[in-house]
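Have a look at the structure below, then the notes.
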Amino acid sequence: MGEQPLKIVEGSALTGLQKKDLLNRLARIEGQLRGVQKLVALAAEPSDCDAVAQQMAAARKALDRAFVQLLSASVVTQGANAADVEEARASAARIAALLDKFA
């Protein structure tokens, strides 16, 4: 009894393809995190903590990369969909604020 795939809603934030690519990346990260959980559960020796730390760092880097992918796609799509220069500037300012807040 698997989960239903997410329905991709059309809009002006991201294209359907951008959403699909980002969702695929997040699914891979989710798999990585399940692997980390398994490593933690099975850790018996001090050296096992090294493997856990390495996999946690890899998952964190993958999530950072997904964040960059989200913002890059947002810049491209929202800038292209802007009705005029002022709307494009407002969109760029909104994305810059996200970078400042979360990066």
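The values are calculated or read from the model by the stated rules, or taken from the named source; none is laboratory data. Here the structure is a predicted model, which means the values were calculated and not measured. Ideal geometry is used to build each Cβ from the backbone, glycine not excepted, and the neighbour counts take in all protein chains shown. These accessible areas exclude ligands, DNA and RNA; they are computed on the full protein's heavy atoms, side chains included. Shrake-Rupley method; radii C 1.70, N 1.55, O 1.52, S 1.80 Å.
Can you spot a residue in the range 40-57 that is within 18 Å of the chain's Cα centre (by Cα), without any contact (Cβ under 8 Å) to a residue 60 or more places away in the chain and either loosely packed, with under 12 Cβ neighbours inside 10 Å or not in a helix (DSSP H, G or I) (or both)?
yes
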Self-check item: Hits in the range 79-103 - residues which are open to solvent by 80 Å² or more (accessible area, probe 1.4 Å) and under 25 Å from LYS61 (Cα atoms)
Solution: ARG94, LEU99, ASP100, LYS101, PHE102, ALA103
Practice problem: Just name the residue that is nearest to the chain's Cα centre (by Cα) out of those in the range 7-39 that are more than 20 Å from ARG65 (Cβ to Cβ) and either open to solvent by 60 Å² or more (accessible area, probe 1.4 Å) or among the hydrophobic types (A, V, I, L, M, F, W, C) (or both). | Solution: ILE8
